[in-house]
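One structure below.
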Amino acid sequence: MADGTIEHTTCLGCGCACDDIAVVTRGGQIVEARNACPLGVDWFGKGTIPARIRSGDGPRDADLASAIAAAAARLRSASRPLVYLAADLSCESQRAAIAVADMLHALLDTLTGTTASAGILAAQRRGRASASLGEIRNRADIVLFWGTDPATRYPRYTSRYAPEPAGLYLPKGRAGRTVIAVDIGTDRGPADADVRVTVAPADEITALALIRAALLGRALPSPGADTLDARTSALADRLRAGHYVAIVADAEASEGRDVRRSDGLLSLAEALNGPTRCALSTLRAGGNRSGADAMLTAQTGYPMAVDFARGVPRYRPNAGAAQLLAGGAIDVALLVGSAHSVPPALRGPLGKIPCVAIGPRASESPIPTAVAIDTGVAGIHEGGTAFRLDDIPLPLRPALAPPNDTVLVLRALAAAIAAEARAA
Amino acid sequence: MTTLRIAGGTVYDPANGVDGAVRDICIQDGTIVATLPKNAPKLDATGMVVMPGGIDIHAHVAASSVNTARRLVPEQHDADPARAPDLALDEDGELVIPRSGSGGTVPSVFTTGYRYAGLGYTTVFDAAVAPITARDTHAQLDDTPIVDAGCFILLGNDAYLLRQLAAGATDRIQDYVAWMLGATRGYAVKIVNPGGVELWKENVREVKTLDDPVGGEAKVTPRAILEALTTAANALKLPHPVHIHCNNLGIPGNVATTLDSMRTVAGQRAHFTHVQFHSYAGERGKSWASGAKQIAEYLAQHPETTCDVGQVMFGPACTITADGALEYLLHTSNGGKWVNVDIELETGCGIVPFNYKDKSAVNALQWVVGLELFLLSPDPWRVVLSTDHPNGATFQSYPELIHLLMDRAYRDEKLKAINQKFLVGSALADGIAREYTLGEIAIITRAGPARILGLTQKGHLGVGADADITVYTTDADRTKMFATPRYVVKGGTLVVEEGQLRRAPTGQRHGVRPGYDTLIERDVKDFFDRYLTVAFENYAV
Ligand code: SF4
Ligand SMILES: [Zn+2]
């Protein structure tokens with residue numbers, strides 16, 4: 001593509017999906033990603049990616065048609081194939097990949113299965129009081145950060161959504177809001193919080209339950225001065241006094257955290273909607289992860305860990321990619337998206353089976369591949385749609401051209417598999 | 001050139017005054033034509049019933065809120081896995097991958113398209129799309145095969161619009177509506193609980209009258225919103241001017257609110273949706289009764305007013321609505337799981353899975369009110385069939401609903417078995433003899449919705465119409481008859497053959513793009529820059 005500036009580009013460096021980036025290119029490289037935070041600048045990088053097609057062990061590149069044919073043959077001959085959706089795929093690519101999994105009667109899983117499943121499973125049991133980020137920006141007068149400071153992993157959350165910007169109903173912006181940080185061990189809330197509450201990691205679930213109990217009028221009578229009870233009931237009083245409370249938490253699992261935390265946060269947000277209004281905002285990492293959840297849900301009814309082995313989608317949140325790979329059940333894998341985003345725990349077992357990789361830098365995959373087709377990064381080289389962490393869909397405006405287009409490669413793969421199936 | 005003659009069927013085409021006449025329907029390249037050569041391919045429909053394809057005027061199939069609901073009910077999907085259909089090879093070698101999926105009250109996208117077509121429905125409108133999520137709706141519709149589709153855009157609680165009302169800048173509203181419909185590829189304006197969703201966000205949970213101020217602005221009231229949007233939609237000459245979900249859904253005594261809303265826009269074309277949920281007499285906290293008679297009387301006097309019923313059927317449902325306050329009430333009353341999503345400066349979304357029980361006094365009344373609306377209806381062209389899928393029941397219950405309307409003995413048998421507590425004095429309990437004819441069924445499921453939606457190419461079998469046709473094997477068991485059409489033709493393609501889904505072509509999208517003064521864009525962009533989290537430039541689909 002020609003040198004120039006693409007305005008209103010959406011960054012997928014994290015789930016914030018800021019759509020105000022101006023990407024400047026010169027000589028086929030990105031030289032500036034204006035408005036992006038350091039994490040975003042890093043994610044855009046120069047935009048230079050390999051453009052190779054590898055099939056088998058030969059030193060030379062294969063042509064696309066024969067690589068696709070080889071991939072189709074591998075996948076068709078599998079007895080227990082896995083289709084794994086990694087990061088940096090547009091919704092359109094994700095939809096095309098799900099179609100391939102459906103045809104192959106494969107196990108289909110995504111990054112969500114290993115990183116953010118606890119919150120999804122809890123919300124499926126209990127529901128979820130939530131809001132789009134703009135509602136929080138315009139309305140939330142209390143913003144509670146539960147054991148998270150977005151500064152490192154979601155850098156522009158605070159400046160674009162809350163608490164900093166002025167909102168339609170909060171003309172004074174940050175000054176019109178109360179920021180509460182709940183520090184849980186080393187997981188601390190923002191440094192500039194107006195109110196700080198400290199909770200020991202071992203007490204986290206109890207604390208959530210106590211705040212909820214206090215809101216529901218079930219608090220213990222006259223708690224001692226600095227007991228957990230006293231701190232949580234004071235916090236409950238503050239929250240109840242808010243007009244619109246946003247609770248912000250990180251949905252991507254941090255190790256050692258109690259999985260009951262998700263349920264506790266959902267219950268708390270629900271209980272707050274008795275006396276006042278409240279929305280839970282959960283932070284998701286980059287590369288269009290929420291999009292994968294949404295596309296799987298639309299096409300199969302389930303947001304992750306879908307097993308097509310019996311010819312129909314079955315939900316297997318406890319027997320997804322991580323479990324089946326570890327158990328040695330999978331014999332061939334189709335890895336779509338950035339192989340570099342695959343969680344470390346999956347890399348070992350994936351390395352032991354034939355892998356077809358279609359995605360950005362597939363030819364430089366840290367996981368050995370039988371077939372590798374380099375495509376582009378959604379949002380940098382490929383267009384389409386991505387979802388923000390609150391499920392708001394955004395258009396992608398690629399600044400550079402992809403070596404191969406993921407959607408087209410996946411469609412060709414589907415056609416090749418269908419043709420083989422028909423011939424058989 | 002592809003041709004097909006559907007020969008010798010008994011045709012019900014009310015828009016063209018055909019009520020059970022034996023005749024041939026000729027199809028050429030997706031359109032109905034007057035004649036075909038004698039040797040054209042022929043489908044023998046002797047003894048069968050031929051109708052235009054069904055049109056669902058109000059369903060929830062492809063909104064972001066629908067996908068959120070889908071995610072909420074994995075247990076329903078587990079119980080209703082859907083195999084990929086056994087599709088025939090496409091003549092032009094085009095690859096159509098048959099897709100598996102899951103059902104329940106909120107089926108997956110492909111399964112939704114297949115199942116609608118399997119029921120003889122060929123056109124479906126999603127009734128509630130938050131504008132900021134329209135891109136998602138169109139993607140879901142792209143994956144909903146066979147049926148033609150469109151969507152209604154939620155505007156009754158839109159912050160920009162409410163600000164124009166507050167400022168008295170009503171002249172801007174028409175341009176804004178036109179811009180918005182084009183930007184979202186929408187088909188019509190939807191109003192849900194006007195002002196009430198904004199109030200819910202402000203923690204005001206009840207709309208007492210249509211003159212309650214919204215956001216503390218005396219000029220911004222449910223009535224003002226209804227007036228402004230109805231006037232704008234009619235001035236724009238939209239094919240389907242305005243689709244209204246009134247305030248106070250599901251609350252006893254709300255028939256007064258509904259009638260007040262109808263009177264507010266009297267004299268202008270307006271469609272009131274799922275009126276069953278808005279036709280209760282009685283008093284909050286005290287009593288429930290049917291208000292269907294009052295609605296029927298109003299409709300008899302007002303030919304410009306149309307409605308769909310939103311029938312409740314006993315069994316599982318999933319309530320999905322922009323009416324967040326209502327869903328919170330429902331959640332606190334049934335204790336079930338609850339989702340709420342406040343959508344920035346536009347609307348809201350609430351979801352509660354629900355099971356309607358014939359032993360529940362309120363559910364039994366709801367069932368009766370819906371049937372009364374049909375049976376007391378002064379005009380089948382203006383009181384058309386819906387279950388507000390999946391709110392009152394899923395679309396798969398349409399055949400049984402048709403059975404209830406066509407067969408008094410069947411209906412009275414069911415009526416006996418339900419909770420009678422609130423049925424005292426109800427017209428249905430007193431006995432209604434009316435039975436819908438096949439011609440009237442064709443009106444409330446095809447011709448009527450097409451006319452209300454302004455779809456001139458659909459809902460009839462005249463020359464030039466889209467070749468969307470359903471052929472049923474006649475059966476006295478109307479549930480069975482309407483659940484299993486023998487043939488379904490969509491846009492000239494035979495999609496159901498001998499009761500089996502065999503082809504899954506891509507449906508068309510229906511949208512409008514009314515003209516407007518482009519000056520509005522500057523003002524809207526300024527509002528976006530200040531308050532929205534999505535760039536104006538990234539908003540239009
Ligand atoms: S906050 Fe996230 S989306 Fe926004 S610029 Fe930074 S990395 Fe990109
Ligand atoms: Zn509805």
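The values are calculated or read from the model by the stated rules, or taken from the named source; none is laboratory data. Note that the coordinates shown come from a computational prediction; the quantities given were computed from them, not determined experimentally. Glycine also receives a Cβ, built like all others from the backbone with ideal geometry; neighbour counts cover every protein chain displayed. Ligands, DNA and RNA are stripped out before the accessible areas are found, and what is left, the full protein with its side chains, is counted by its heavy atoms. Shrake-Rupley method; radii C 1.70, N 1.55, O 1.52, S 1.80 Å.
Here segment B:127-152 is the region considered, the condition is being in a strand (DSSP E or B) and not β-branched (V, I, T), and the residue that is farthest from ligand 2 (Cβ to nearest atom) is B:D148.
Filtering B:K357, B:K337 for residues that are under 22 Å from B:S386 (Cα atoms), of a type in the set (K, R) and either within 16 Å of ligand 1 (Cβ to nearest atom) or open to solvent by 20 Å² or more (accessible area, probe 1.4 Å) (or both) leaves a single hit, B:K357. Check segment B:33-55 and report whether any residue there is open to solvent by 30 Å² or more (accessible area, probe 1.4 Å) and within 14 Å of chain A (Cβ to nearest Cβ). No - not one qualifying residue is present in segment B:33-55. Show the residue pairs meeting these rules: Cβ distance below 6 Å; 6+ apart or different chains; first residue within segment B:519-541 and within 12 Å of chain A (Cβ to nearest Cβ); second residue open to solvent by 60 Å² or more (accessible area, probe 1.4 Å). Pairs that qualify, where the first residue is within 12 Å of chain A (Cβ to nearest Cβ) and the partner is open to solvent by 60 Å² or more (accessible area, probe 1.4 Å), are B:F536/B:K525; B:V541/B:R185.
Taking segment A:237-263 as the range and being small (G, A, S) and modelled with pLDDT under 95 as the test, the residues that pass are A:A251, A:A253, A:S254, A:G256, A:S262.
Restricting attention to segment A:15-52 and to residues that are at positive phi and near ligand 1 (Cβ under 8 Å from one of its atoms), the residue that is nearest to the other protein chains (Cβ to nearest Cβ) turns out to be A:A17. Restricted to segment A:1-14, and to residues there that are assigned to a loop (DSSP other than H, G, I, E, B) and near ligand 1 (Cβ under 7 Å from one of its atoms), the residue that is nearest to B:F536 (Cα to Cα) is A:C11. Could you check, for segment B:172-192, whether at least one of its residues is open to solvent by 10 Å² or more (accessible area, probe 1.4 Å), assigned to a loop (DSSP other than H, G, I, E, B) and within 14 Å of chain A (Cβ to nearest Cβ)? Within segment B:172-192 (the criterion being open to solvent by 10 Å² or more (accessible area, probe 1.4 Å), assigned to a loop (DSSP other than H, G, I, E, B) and within 14 Å of chain A (Cβ to nearest Cβ)), the answer is yes, since at least one residue qualifies. Quick check on segment B:77-87. Is at least one of its residues away from ligand 1 (no atom under 16 Å from the Cβ) and at pLDDT below 95? The answer is yes, given that some residue of segment B:77-87 is away from ligand 1 (no atom under 16 Å from the Cβ) and at pLDDT below 95.
Taking each residue of segment A:336-350 that is farther than 16 Å from A:D374 by Cβ and looking for partners that are of a type outside the set (V, I, T) and open to solvent by 40 Å² or more (accessible area, probe 1.4 Å) with beta-carbon atoms closer than 7 Å, six or more apart or interchain, yields A:R347/A:P366; A:P349/A:A326.
One residue alone among B:N254, B:N248 is open to solvent by less than 20 Å² (accessible area, probe 1.4 Å) and either aliphatic (A, V, I, L, M) or over 18 Å from the mean Cα position of the chain (by Cα) (or both), and that residue is B:N254. Contact map, segment B:200-228: residues that are under 18 Å from B:E344 (Cα atoms) paired with residues that are open to solvent by less than 10 Å² (accessible area, probe 1.4 Å) and assigned to a loop (DSSP other than H, G, I, E, B), Cβ distance under 6 Å, separation 6+ or inter-chain. Pairs shown: B:N203/A:T276; B:V214/B:G195; B:V214/B:V220. Identify, please: which residue in segment A:307-332 is assigned to a strand (DSSP E or B) and either at pLDDT below 95 or in contact with a helix residue (DSSP H, G or I) (Cβ under 6 Å, 6 or more places away or on another chain) (or both) and is, among those, least open to solvent (accessible area, probe 1.4 Å)? Residue satisfying both the conditions and the ranking: A:V332. Kindly indicate whether any position in segment B:213-236 is of a type in the set (K, R), surrounded by 22 or more Cβ atoms within 10 Å (Cβ to Cβ) and more than 30 Å from B:G499 (Cβ to Cβ). Scanning segment B:213-236, I find no residue that is of a type in the set (K, R), surrounded by 22 or more Cβ atoms within 10 Å (Cβ to Cβ) and more than 30 Å from B:G499 (Cβ to Cβ), so the answer is no. Put simply, of B:V66, B:V124 the only residue that is in a helix (DSSP H, G or I) and either buried (at least 24 other Cβ atoms within 10 Å of the Cβ) or modelled with pLDDT of 95 or more (or both) is B:V66. Scanning segment A:154-195 for residues that are under 19 Å from B:T533 (Cβ atoms) and basic (K, R), we see that the one that is farthest from ligand 1 (Cβ to nearest atom) is A:K172. Out of B:A15, B:A21, one residue alone is more than 8 Å from chain A (Cβ to nearest Cβ), open to solvent by 10 Å² or more (accessible area, probe 1.4 Å), of a type in the set (A, V, I, L, M, F, W, C) and assigned to a strand (DSSP E or B). It is B:A21. Give segment B:370-408 a look and list any residue that's farther than 18 Å from B:P316 by Cα and either of a type in the set (S, T, Y) or in a helix (DSSP H, G or I) (or both), or say none. Within segment B:370-408, B:L371, B:E372, B:L373, B:F374, B:L375, B:S377, B:I402, B:H403, B:L404, B:L405, B:M406, B:R408 qualify. When the test is whether a residue is buried (at least 24 other Cβ atoms within 10 Å of the Cβ) and within 14 Å of A:C355 (Cα to Cα), A:A131 does not pass it.
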